[in-house]
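A short reminder: the numbers here are calculations on the coordinates, not readings from a lab. On a predicted model such as this, the values are computed, not experimentally measured, just so you know. Cβ atoms come from the backbone with ideal geometry, glycine included; neighbour counts cover every protein chain shown.
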Amino acid sequence: MAATITPSVSVHTLGVGDTVAVTVLLDPQSETLNAVRGVVEFSSSTLTLESVRETDSVVNLWVEEPHIVNGNTVAFSGIIPGGFRGVLSPYYDGARPGVLFILFFSTRAEGMVEIRVCDASAFLHDGNGTARSVPDATISLTIAGAPIEPASSVLIADKEPPEPFSLVVSHDPSIFEGRSFLAFVARDIGSGIDHYEIKESLPSSDVRALVRQSGWRTIESPVQLSDQSRESIIVVKAVDRARNERTVVRPPERSVPWYWQMGVWGLGILLIIGALFIVHHRNLWRKRN
């Protein structure tokens with residue numbers, strides 16, 4: 001059997017103004033997969049996408065994090081290093097589907113609505129990335145009357161920052177024309193990652209001051225590094241949808257050029273000489289008066 005990517009909900013009947021969580025599940029069907037991609041389509045006249053959560057995803061590295069396109073489509077593409085054969089547990093036999101991500105929708109109007117996973121593919125963990133077609137999958141919802149469950153009871157309050165994550169610097173002829181780039185992925189248990197920001201700066205003795213300074217730019221992973229010499233400190237900030245932040249710092253891979261260091265030392269020496277000059281002349285002035 002072919003692998004499947006299916007949407008799933010706990011309730012199929014809702015009221016206008018309700019919030020519904022749609023879990024998108026990956027079932028490898030006894031094969032080992034290391035990558036997936038596809039889209040989720042929905043009716044934007046009936047549903048509004050409020051947020052996406054990848055907290056418990058079996059995907060370790062998102063090439064294209066689930067995001068809305070054209071107002072009614074969620075596109076996604078991710079890699080599972082080491083492969084995924086299903087969720088195993090000592091409490092049941094066999095393997096079960098794993099979570100790719102969860103979509104939170106609010107209902108806007110009465111009627112029947114379909115949520116469909118389509119144009120999806122899965123790739124085998126066989127060393128060749130052999131593609132497997134994935135059949136379309138659809139669920140139907142009925143929206144009628146007043147809200148059945150308040151939206152606030154579905155969405156989870158998030159007061160915790162994203163989990164610690166690593167920054168990997170690499171280069172590949174097929175990415176950014178061989179220039180050095182930065183890759184990373186962060187997880188957030190509560191509300192999910194909203195966006196990332198980066199800052200590159202020459203080494204500073206006070207990293208905390210560097211973090212507080214302006215100059216951040218919003219990025220996605222992977223991102224081409226501005227400083228290809230790798231003489232700068234890299235600081236990346238992960239911000240979740242509740243605006244909690246996690247900041248990670250990566251030191252330079254190369255030492256600062258000797259002429260830059262000489263410039264710093266030279267400036268320090270000039271400041272010391274200037275201070276001594278001022279003190280000396282102040283003492284002479286005091287003796288004369």
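Here 56, 18, 194, 240 are placed in order of increasing Cβ neighbour count within 10 Å, fewest first, which gives 56, 194, 18, 240. Considering only alpha-carbon pairs that sit under 8 angstrom and 6 or more positions apart, the relative contact order computed for region 168-250 is 34 percent. Taking a ≥ b ≥ c as the square roots of the Cα gyration tensor eigenvalues, with a/c under 1.5 meaning rounded and otherwise prolate when a/b beats b/c, else oblate, which class fits region 4-149? Cα axes put region 4-149 in the prolate bin.
The ranking of 73, 218 by Cβ neighbour count inside 10 Å, starting from the fewest, reads 218, 73. Can you give the relative contact order of region 1-152 as a percent, counting alpha carbon pairs under 8 Å and 6+ residues apart? Once normalised by length, the contact order is 38 percent. Going by neighbour counts of Cβ atoms within 10 Å, the residues 62, 216 line up, fewest first, as 216, 62.
An oblate overall shape is assigned to region 168-250, the ratio a/c of its alpha-carbon gyration tensor axes (a ≥ b ≥ c) being 1.5 or greater and a/b not exceeding b/c.
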